[in-house]
Structure formats: C-alpha cells, structure tokens
Amino acid sequence: MNKRTILAAATALALTVAFTAFLQGQGGGQGQAGQGQQNGGGQAQAQAPAGPPGAVAGQVVSATSGEPLRKVSLSLRPSGRGGTPASATSDNSGAFRFNTVDPGTYTLIGERPGYVRAAYGEDSTGQARQITVASTQTAGAIQLKLLPHSVIAGKVFDQDGDPIQSANVQVWRYTYPRGQRQLTSVDQSSTNDLGEFRVPGLAPGRYYVSAAQRGGIANLQVAIADLAGGGGFGGAGGAKGGGPGGNRQVLRDQILGRGGDANPENYVTTYFPRSVDPTGATPIDLVPGSEMRGVDIGLLKARLFTISGIVEGIPAAPPAVPQAQGQPGQGKNKQKGGQGGPGAVFVSLVPRNAAQQPGIGNALGGNAPANADGSFEFRGVQPGAYYIMAQSRGGQQQTNRLSARLSVDVSSGDLKSLRVRLAPPLEVTGKVVPDKTDSTINYSNIRLNFTSSTPAGQGGRGGGGQPRIDLAADGKFATTLDSDTYTVEIAGAPAGYYLKAVKLSGREAPDNRVDLTFSGAVLEVVLANDSGSITGKVEKSNGDPVQSARVTVVPANNSTRRDLYKSATSGADGTFTLSSLPPGSYRLYAWEEVEANAWMDLDFRRPFETLGSSATIKDGAGPNVTMRLIGREQMRLAGVQ
C-alpha cells in the first residue's frame, strides 16, 4: 500500500468519524427529546376500554388464486379513540384470530414476503374498510386478500457500456394531488458492482424508472464537504453557505474531484430507456406477480448550468440577546442573519412543471440559506423552467415575513446577476355575500381557502396560500398573502349553497382565480343556492346493477374549479346521487376502479370520452342518468392501469 493510498484511507476515516460525531451531537438529542414527547403524549391520551373485549377472526388468501396464505403478519390498529393495537400471524390454513380486542373500530393490515402490504377492504383510493368490534362479540368472516408483488429489474451503464455501481434507481408513478398530474417516487434501489438493480414489492400498475450516477458514498462526501465549510446541509447544487468557511464550494469541488469547467457535461438523471425528460420515458406495466427484467438504462450526459444572483431587501437581524450563565445554549446561528436565525433567507429552485423533477443534476437538494449578503448560487442545473423562491423567516412569530418569486428559463447558458426582491405580504380584504338576500346564513361557519398556483418546493416550500380564513359575523374577512395567483375556494357553506363568483374590483375572476402578483385587493365572494342534483344508476351491459362503482362528474368545459368535480359510490341497487352542483353542463363517468383524483385530470379522461354521459343542471333541477361501467380491462387497454 503506497503513501497516497494510506493518506486517502486515513482522511476518509477521519471525515467519517467527524460526520458520525456531528450526527450524534446534532441529531441524537433532538431524537431523544421527540421520543420523550411522544411517550408523554401517548400516556396522556390513553383511555379505559369501553367494556368487556370482543374478538376478530378471519382468513388471508391470495387475491389472484384464492389460496390460503400462511405466516402473514397481521396488525389490528384502532381507527379512533380507545382500543389497543394487536398483532397475530395466520396459520397453515390462512386463518387468524385476535382473541382480546377492546370495543371500537379498527383497520386490519397484513404483510408477507412476496406480497404487497395491504389493508382489509382497501380500495383504489387507499381507503380501508373499518372493522367494528362490539363488547363480547366476534367480528368474523373477514377475508383479507393480498396481491403477489411485482418486480422491476435491470442494469445501469455509462456511455461506453460499462456498469455503474451505486447508481440511484428510482421507481415513479403518476399521482393526482388536487387532480393535477404529478410524477411521484414510490420506491428506490441502488446498483451492485455489476450495475444491476432489483426493486421488489411493487403493486400492479404503470411505472417509470430513472437512474442517476450518484450513490450513497458520494452523498456522504457532499455532506462532509458541507460540514467542512461550516454552513450545514445546503446540498450540492444548493445555495452557497456564507460566514466561516466561505470557500465551501471550492472545498466541495476538491473533494468531489470536479474540474474548473464552469458548465461541465456530466451524467444526469436518465429515464428508461434513454431520456432526460420524464415525458419521453417508456412506461412499464406490471401485473400481479410479474417480474419485469431488462429495464436497462444507459445514462446520458448533458451540459449543466449555474444560476446565481442576490436576494435584495433582506431585513436586518435583531441584536443578539445576552444569555444568562447556566442556561442551555441556543445554537450558534440562532441570532445570526443569513444562516438560520431571524432574518435568515432561504432560497429554493422549484420546477414550474409539476411533472418535472428538480433539475439540479445529481444533487442532494435545491434549497439552502443564502449568504449573509443575500448572494446565492445553484450549480449543476439541467435545462428547464423554474421558479426561484426566496423567503425570510421574519422572526420567531413569523411576523414581518418577506418572500419573492422569480420565473427563470435555463436553456443554453448560465444565468448570472439575477436580482430577487423580497416583499412583504399583500393585504387582501373582502366580504362574502349571497346573490339574494338571506338573513339565515351563519358566516362564522364559512371558511375561505386561497390556494397558490406555485408548486411546492423541496421541504414543502411553495406559494403563500392560506389553508383557512375565517369570516366575521357579517361575512367580512382580512388576510395577508404572498405575491402570487390564487384559486379561491369555500368550505362550510349552508346546504345547497355554492361559490358562484369571485369579483376583483367589480370584475368576475375566471374560474375564481385572482392575480395578486403586484398588489393587494378587495374581493367580493358571491354565494348562490340554486344548485341541483344528478341522480342515476350504474348498470352492466346485461342491465344488472353495479354496486360500489365510483361515479364522477366533471364540468363539460373542463373548468379547473374543484367544486365542480364531485364523486359518489353506487349502492347495492346501483343508484347514486351527486348533490350541490351549480347550474351548468357536465360529463359523468362510472368506474369499476380508479386512482384517487385521477379522473379529475383531462388527459386521464380523454380515452374514455365516448364512454361518459352528459347532464345539465338548470333552475335547481338535474336529470336521472343511466350509466355503463368503465371496467378495469378497458382502462388497461387504454394504458392508464
């Protein structure tokens, strides 16, 4: 072993020891404190059982073959107050029994190697069926079905065809939060020395796979480089830290072996089979118990760029408060601007497209504190459309909070000397009024929601929407919002009422979206009570009724107003009712099974347009509709299951 090898090994060992010590010193205490709080809270909430115990019994079978499954680990978890969690294991005939169960409602969960973890009665939306346990009674005849899991396996290699070890492999699915299509990671793995990976435990469905070169060791190197710079975990590609260790970026580059090229061409996140854009990825459809091999990904190189600039308008940090002798320390950054205390500014790089992943090439993160002078820099950014989000903490009580948002496009060069100006929240006032006088409305039960159009960044940072705004007794409201565009929604309105219009300066806002990017506003939120209902029945092709079909209704003009999107479940006789719909034209669909909120997405619905039914609500009345079921096989053939 030569001197260079010995020196490198010694350096790596020393850095690892220092990193471990940091984690123990910084994270251990917090973890212990959190555990104590949980234990204390659990003891405080413990309640006596409601009476003599009951029991729960049933059987676990394969969802595909119906064969009994043995050695399934079962967990019975209370759904509300009262009750005690319990565990059991199925026997050779798949049977199980919980002999002593406190009265209450429970969720039953089963898991076994080779099968997808599942809850009893779980539907496509993830909702499980509740099991009610009565005193001295046995809740029996419960059959829990487990699906054989599926597997995705393949290799990751470079442009020369050589395997890449420790590559990070991600498995993705499209989900639909608030009805908007979004690529979401569901599992991950890493490659071995042959570049091979295997991701088991996947439920049936459509997936996408990506790979990136950086593995766990490189991530540790980045974290150690951050610590060596004295700036905490900014993340490679995050904003540079300031204060002591101002050469933090240089040190990180040295440890990672980066050259001096300002715009290096590096391997970037690549989607199967060879695409840097998720929209160009090839989907992988899995059926129960399948093993999809040959998912081989050849990593692509792309030129990466740098975004840098300065945040203006940073408030001065308050003076340090002298600490009395003997009191516990508050941390070295608690009273310092630019790193973590009051007056600190955090900068995030957020993709403008919800389906796009953060484009910081092979980086730990895309947000970090700005330097004390407000300067920031994001390195290794792939081409794409982004928001630069900046936010000042504004003190312990979030008073005087400042924020900014700048839209940028990265295409073929660096973006330098950008100026992001912090601004205080905007004053928004207004009143909720009925379109016709109604003295019976209790405005204290009504709440307004302002939902930001800006996607959430890493760590949950997004727009400045307010989840709930209460009204005064006369219907007036006042709040502050960050500069942005918002959708106004209402909750708690009297039965039959709906949000008819949102008026800004006397003009009606399309789809109830108000532009507050430049100034505050005075709004008038108008309610109306001429809504109607659509009733109907879901039938099979032979006329038999369909129970438990998911019936959904959407506006015929594809408006983005969420209050125009409703769903119901058909009863044993196949009938359903969709209530409180504003006047207008609608399209209805009946699904045998559909992912939560997927039906709200226009692209998802498009293949089934001819299978829907039309309905119109006018003068508070709606039609009765007979509908045909859209089955699982039809959805599979359409490529959405």
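The values are calculated or read from the model by the stated rules, or taken from the named source; none is laboratory data. Because the structure is a prediction, the values reported are computed rather than measured. Please note: Cβ atoms are built from the backbone with ideal geometry, for glycine as well, and neighbour counts cover all protein chains shown. For the accessible areas, the whole protein counts, side chains as well, though only heavy atoms, and no ligand, DNA or RNA atoms are used. Shrake-Rupley method; radii C 1.70, N 1.55, O 1.52, S 1.80 Å.
Express in nm, to one decimal, how much length is gained between A55 and L637 on full extension, taking 0.36 nm for each residue of separation and deducting their alpha carbon distance.
On the way: separation 582, 0.36 × 582 = 209.52 nm, distance 4.34 nm.
Full extension from A55 to L637 adds 205.2 nm.
Please sort 191-197, 164-170 by packing, taking for each peptide the average over its residues of neighbouring beta carbons within 10 angstrom, highest first. Walk me through the numbers on the way to the answer.
Numbers: 191-197: 17.0, 164-170: 20.3.
Taking the mean over residues of other Cβ atoms within 10 Å, the ranking is 164-170, 191-197.
Long-range amide H contacts for L527: which residues qualify at under 5 Å (H placed 1.01 Å from N, peptide plane, sequence gap of 5 or more or a different chain)?
V433, D435, K500
Given R₀ = 41 Å, FRET efficiency for E265-A501 by Cβ-Cβ distance, to 0.05?
0.20
Can you run phi through the Karplus equation (6.51, -1.76, 1.60; θ = phi - 60°) for the range 98-106 and list ³J(HN,Hα) in whole Hz, with x for Gly and Pro?
Working through the residues one at a time gives 9, 7, 10, 10, 4, x, x, 10, 9 Hz.
Add +1 for every Lys or Arg and -1 for every Asp or Glu among the other residues with Cβ under 14 Å from the Cβ of D435, and state the total.
0
Specify the inter-centroid distance of the range 579-641 and the range 513-534, based on alpha-carbon positions, in whole Å.
26 Å
Order the peptides 629-637, 149-157, 105-113 from the highest to the lowest mean number of other Cβ atoms within 10 Å of their residues. The partial results should precede the final answer.
Details: 629-637: 16.4, 149-157: 21.4, 105-113: 18.9.
My ranking of the peptides, most packed first, is 149-157, 105-113, 629-637.
Rank-order 290-300, 606-616 by packing density, defined as the average count of other C-beta atoms within 10 Å over each peptide's residues, highest first.
Working: 290-300: 17.2, 606-616: 14.5.
With the highest mean Cβ count within 10 Å placed first, the list reads 290-300, 606-616.
Straight-line reach from K71: which aspartates and glutamates have Cα under 13 Å away, leaving out those fewer than 8 places along the same chain?
Cross-link targets: D91, E111.
Search the structure for amide H atoms under 5 Å from the amide H of G289, placed 1.01 Å from N in the peptide plane, and list their residues when 5 or more places away or on another chain.
H149, S150
How much length is gained if the chain between S417 and S190 is pulled fully straight, taking 0.36 nm per residue apart and subtracting their Cα-Cα distance, in nm to one decimal?
Length difference between fully extended and current span is 77.9 nm.
Of the listed pairs K436/K503; K431/K618; K500/K566; K537/K566; K145/K537, which have alpha-carbon separations greater than 22 Å here? Working shown, then result.
Details: K436/K503 16 Å; K431/K618 27 Å; K500/K566 16 Å; K537/K566 16 Å; K145/K537 29 Å.
Over 22 Å apart, Cα to Cα: K431/K618; K145/K537.
Mind giving me the nanometre distance, one decimal, between the label points for R513 and Q547, set 7 Å out from Cα along Cα→Cβ?
Output for this residue pair reads 4.3 nm.
When all protein chains stay in place, what accessible area (Å², nearest 10, 1.4 Å probe) is found for E122?
90 Å²
Just read off the accessible area of T575 with the full protein assembly in place, 1.4 Å probe, to the nearest 10 Å².
Roll a 1.4 Å probe over it and T575 shows about 60 Å².
Give, as ranges by residue number, the residues of the range 539-571 whose backbone N falls under 15 Å from the point 7 Å along Cα→Cβ of S585.
Answer for this model: 554-559.
Need the full-extension length gain, L602 to V151, defined as separation in residues times 0.36 nm minus the C-alpha distance. One decimal, nm.
Values: separation 451, 0.36 × 451 = 162.36 nm, distance 3.01 nm.
Gain on stretching L602 to V151: 159.3 nm.
For the range 526-641, just say rounded, prolate or oblate: build the C-alpha gyration tensor, square-root its eigenvalues into a ≥ b ≥ c, call rounded for a/c under 1.5, and beyond that prolate if a/b exceeds b/c, oblate if not.
oblate
Just to check I understand the Karplus step: with θ = phi - 60° and J = 6.51 cos²θ - 1.76 cosθ + 1.60, what whole-Hz values come out for the range 168-178, glycine and proline as x?
Each residue of the range 168-178 in turn: 8, 10, 10, 10, 10, 9, 7, 10, 9, x, 6 Hz.
Give me the 1.4 Å probe accessible area per residue for the range 51-128, excluding ligands and nucleic acids, in Å².
Here the residues of the range 51-128 average 49 Å² of exposed surface.
Go ahead and collect, in residue order, the members of the range 368-388 whose backbone nitrogen is under 15 Å from a label point 7 Å along the Cα-Cβ direction of T279.
The answer is 383-386.
Once phi is turned into ³J(HN,Hα) by the Karplus curve 6.51 cos²θ - 1.76 cosθ + 1.60 with θ = phi - 60°, what whole-Hz value does each residue of the range 598-604 show in order, with x for glycine and proline?
4, 5, 7, 8, 4, 5, 5
List every residue whose amide H lies under 5 Å from the amide H of G496, counting only residues 5 or more places away in sequence or on a different chain, with H placed 1.01 Å from N in the peptide plane.
Amide H neighbours of G496, under 5 Å, 5+ apart: none.
List residues of the range 121-165, by number, whose backbone nitrogen lies under 13 Å from a label position 7 Å along Cα→C-beta of S79.
Within reach of a label on S79, which here means backbone N under 13 Å from a point 7 Å along Cα→Cβ, the range 121-165 contributes 121-123, 127-134.
How much FRET efficiency would the formula 1/(1 + (r/R0)^6) give for S375 and L300, where r is the Cβ-Cβ distance and R0 is 25 Å, rounded to 0.05?
For S375 and L300, the calculated efficiency is 0.20.
With every protein chain present, what is the per residue accessible area of the range 510-619 (1.4 Å probe, Å²)?
45 Å²
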